[in-house]
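Notes follow the structure.
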Amino acid sequence: ARIQGEVVLQAIISKNGDVANLQVVSGHPFLAPAALEAVQQWHYRPFLLNGQPVEVETTVTVSFRLVS
């Protein structure tokens, strides 16, 4: 379809670093499924607060660019 653009996602990073509760905030509807599928596979290093892992909320921007 030769579509490019950005998809903004909202996610919760669990205490063990997994992506949870992933939702589309904005972006082209044709690109959103690919962005969701990609980010769902990511794994983060847990965020530590006072040495203990905590759940955090984050925003992820996935950029889709056409290359020639």
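The values are calculated or read from the model by the stated rules, or taken from the named source; none is laboratory data. Note that the structure is a prediction, hence the values are computed from the model and not measured. Every residue, glycine as well, gets a Cβ built from its backbone with ideal geometry; the counts of neighbours run over all protein chains shown. Side chains included, ligands, DNA and RNA excluded: accessible areas come from the protein's heavy atoms. Shrake-Rupley method; radii C 1.70, N 1.55, O 1.52, S 1.80 Å.
Model label points for Ser68 and His43, set 7 angstrom from Cα along the Cα-to-Cβ axis, are 4.0 nm apart. Rounded to the nearest 0.05, what FRET efficiency do Ala1 and Thr61 have when you use their Cβ-Cβ distance and R0 = 22 Å? The pair Ala1/Thr61 has a calculated efficiency of 0.60.
Would the chain count as rounded, prolate or oblate if I go by the C-alpha gyration tensor, calling it rounded below 1.5 in a/c and otherwise prolate when a/b exceeds b/c, oblate otherwise? Cα axes put the chain in the prolate bin. Ligands, DNA and RNA left out, the accessible area of the chain computed with a 1.4 Å probe is 53% carbon and sulfur.
Computed over segment 1-57, relative contact order equals 38 percent, with contacts defined as Cα pairs under 8 Å that lie 6+ residues apart.
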